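I have placed the structure first, in the form of structure tokens, so that the comments after it can refer back to it.
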Amino acid sequence: MALERMGVPTVTLATKPFLGAARSAARMHSLPDLPLVEIPHDYLFEDEARIRTQVAAIVEPILAGLFAAAPP
């Protein structure tokens, strides 16, 4: 949140159980539009191929969050 306030675009990654808390924290810090991306929380139980598939699915939302607020 400090980086966002300094004008550095960020994306917050959170697992599903923590998305609500992340949104609440962003609102409390006057950053209701803070980009949040849900990530799977089962990496410890997945093989490398499955992890790569899961990560590939979130690359686009991460990049969109980083570049959506970039100045022209």
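Stretching ALA49 away from SER30 to a fully extended chain increases their span by 3.0 nm, per 0.36 nm per residue minus the current alpha-carbon distance.
What number, rounded to the nearest 500 deg cm²/dmol, is the helix-based mean residue ellipticity at 222 nm of the chain, given -39500 (n - 2.57) per DSSP H run of at least four residues and division by all its residues? Can you show the working numbers first?
Working: 3 runs with 38 residues, N = 72.
Mean residue ellipticity at 222 nm (helix-derived): -16500 deg cm²/dmol.
Semi-axes of the equivalent ellipsoid for the chain, computed as √(5λ) from the eigenvalues of its C-alpha gyration tensor and ordered from largest down, come to 25, 16, 8 Å. May I ask for the angle, rounded to the nearest 10°, between helix 48-68 and the longest principal axis of the chain, with both axes built from Cα atoms and the value confined to 0 to 90°? That works out to roughly 10 degrees.
Coordinate-derived values only; no laboratory data. From a predicted model like this one, the values you see are computed outputs, not experimental measurements.
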